[in-house]
Every structure is written in C-alpha cells, then in structure tokens.
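Some notes on the structure that comes next.
We did not get these values from a lab; they are worked out from the coordinates using the rules stated. Since this is a predicted model, take the numbers as computed values, not measurements. Here Cβ is always computed from backbone atoms with ideal geometry, including for glycine, and neighbour counts include all displayed protein chains.
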Amino acid sequence: MDIRSIGVIGAGQMGNGIAHVMSLAGYDVVMSDISQDALDAAMSRIEKNMTRQISRGLITEEAGTSAMARIRTTLQLPDVGATDLVIEAATERETIKHAIFEDLLPHLQPHTILTSNTSSISITRLASRTDRPERFMGFHFMNPVPVMQLVELIRGIATDEPTFAACKSVVDRLGKTAASAEDFPAFIVNRILMPMINEAVYTLYEGVGSVESIDQSLKLGANHPMGPLELADFIGLDTCLAIMNVLHDGLADTKYRPCPLLTKYVEAGWLGRKTQRGFYDYRGETPVPTR
C-alpha cells in the first residue's frame, strides 16, 4: 500500500524523534499526546535538532522548513486515526498500550497499519487485542532516532506479508536499515544489550568496580563509544528495568534477573539523565558518579 501519512502517539524522546525523521522523509505527520506541554516541548526539540542538522550541512534550510510544516500536533487521539500508518511510542507499559489501541480502534481507516515502538513487549499479544492483528507489527527505532540507522521490524504471529513490505518500504525511504526480528522478549538489540547493562550494574553492586572504572573499562577495553552505566542513564533506568522484567518473566531464566541495585535506583526516582540523577549526577557542570 502507498503510505503517505504517519500518526505518532506520544511526544516524548522517541515520539518526537520519529516525527522528525518521518517529516524529513516527506510524510505528513500527526503527533498526539495527552499533554500540550509535551507537544510544545517536542516541537521545540524537533526544530532545535533540525537547526543542528542544517548547521552541519546534513539537510538544507528549505528541507527543514518544509519538514516542520508537515508536522501537526493534537491532544485528540482520534485525529491520529485518519493516517495510513500509526506508530505508538508511549510509555513502555503494556496496560497503557492496550488502552491507547482500544481508544484508537473506532477511529481508524480500514487500511491503516498499526505498529508499536515497544522495545520488548510481545507484538502478538498487543495485536491480539485489536481488530487487525494481520496489519499490526513492531516498528522499533533506536535512540536518538535522527542519528541511529537501525530499525527493528517485528512480525507478530498474525502479521501478513503486505504489512511487513509496507513498513519495510517506509524504513527504506527514511534511509535507515531494517532488521527483521522474531517476536520473542526484547527482540534482537535489547535481548543482547540489556543483560550487558544489567551485568554492569551487578558488577557495581558486588563491588567489583566503581561506576567510573566499569564505564572506562568498556570504553577503552571493548571500544564501546559509551560505558554501560552511562548508556543506562541515557536510556532511562526505568526502561532498562522494565525490559529486564520482560526478559525475566518471558524467558523464565535466572540469568535475566534484574539487579537489586537497578531496582533500588528506580525506586528512588533516580532514572538517569531525564531526572538529573542515575549512576551519574547531572546537576553540575560535569556528570559525577553517584557510587
């Protein structure tokens, strides 16, 4: 099918990034959220990021202006139903995602494809609660969306081939690379990445190394661009914990048990960069390890 318009549900870090790349690729975008402040902040962030791309010569000023004009924001979820492809990018909680799809279903066009940007939740289970499991799949962008080149495309058990082909064509138009993943807990990237982060937290918890020494070891010893604890702060410790719980519950293997220290940081509300404190304290001029 010919996809011309994109609906994005959620104006947070992932949602605004998805709206950004979709509008640059020439799609008309409708971005919704329950908060006008979140929508205003998202548009401000998109404009700032596009200005940065213009200053670096990655896009022209005309392309940036045209892209911004293609994004419309709304507080009304039904407004998203008129689009050809919907990408849900709300909080990584299954109950919230089910509620969103339930509210959206009556307003969808018959041909609309539904997708979720979930990083770990079962696509088959999400699809089963909708009226179109054959036109439902996982559309998982990496963070930050404008920079990262990979998109995981995850088929549920009922996803049909035309739906996959349509989503693959969108990824191609974005100039990104699609990785096809089966619908098992956390898919490919997070199935590998999150246990590594969790093990880094265990290494800290057991006193094997400090925050600084663990991150330095992986950056210099394994050539990682960012240490695992620094990366966890960037992703959000609540998100890391949620994915580890999905892995632990879904695969019933003790190797996926979330580290108690990770749980404790989340309980404290120290979620990383977004709350100014996680494994590092970001309230000063330079980040300082909190442990």
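Measuring against 26 Å, Cα to Cα, the residue pairs 48/168; 48/274; 176/264 contain 48/168; 176/264 as the ones spanning a longer distance.
Run through the DSSP bridge list for segment 87-233 and note the antiparallel percent, rounded to the nearest 5. Don't skip to the end; give the middle numbers.
Numbers: 5 of 15 bridges.
If we restrict to bridges inside segment 87-233, about 35 percent are antiparallel.
Based only on other Cβ atoms within 10 Å, what is the fewest-to-most ordering of 176, 255?
Details: 176 18, 255 10.
With the sparsest Cβ surroundings first, the list reads 255, 176.
Across the chain, the relative contact order, built from alpha-carbon pairs under 8 Å that are at least six residues apart, equals 13 percent.
Helix-only mean residue ellipticity at 222 nm, the chain, DSSP H runs n ≥ 4 weighted -39,500 (n - 2.57), per residue, nearest 500. What is it? Let's see the in-between values first.
Values: 11 runs with 132 residues, N = 291.
Value at 222 nm, helices only: -14000 deg cm²/dmol.
Once the mean of 1/r is taken over each pair of separate Cα atoms and inverted, segment 145-282 shows a Kirkwood hydrodynamic radius of 16.4 Å.
Take the convex hull of the alpha carbons in the chain; its mean projected area over all directions comes to 15.3 nm².
Top mean-square fluctuation among 215, 28, 183, Gaussian network model of the chain, C-alpha springs under 10 Å? Highest fluctuation of the listed residues: 215.
If you take the Cα centroid of segment 163-193 and the Cα centroid of segment 233-291, the two points sit 25 Å apart. Exposure proxy for 182, 92, 230: other Cβ atoms within 10 Å of each Cβ, ordered fewest to most, give 182, 92, 230.
If you run the Gaussian network model on the chain, springs between alpha carbon atoms under 10 Å, then out of 121, 34, 18 the most flexible one is 34. Among 140, 248, the order by Cβ neighbours within 10 angstrom, fewest to most, reads 248, 140.
Cross-link partners of residue 97 among aspartates and glutamates, defined as those whose alpha carbon lies under 14 angstrom from its own and excluding same-chain residues fewer than eight positions apart: 33, 88.
So for the chain: antiparallel DSSP bridges make up what percent, rounded to the nearest 5?
On the way: 9 of 34 bridges.
Bridges in the chain that DSSP calls antiparallel: roughly 25 percent.
With the convex hull built on the Cα atoms of segment 241-291, state its orientation-averaged projected area in nm². List each step's numbers first, then the result.
Working: hull surface 15.5 nm².
Averaging across all directions leaves 3.9 nm² for the Cα convex hull.
Taken about its Cα centre, segment 191-289 carries a charge dipole of roughly 140 debye when the Cβ of each Lys and Arg holds +1 and the Cβ of each Asp and Glu holds -1.
Angle of helix 237-251 to the longest C-alpha principal axis of the chain, folded into 0 to 90 degrees and rounded to 10: 80°.
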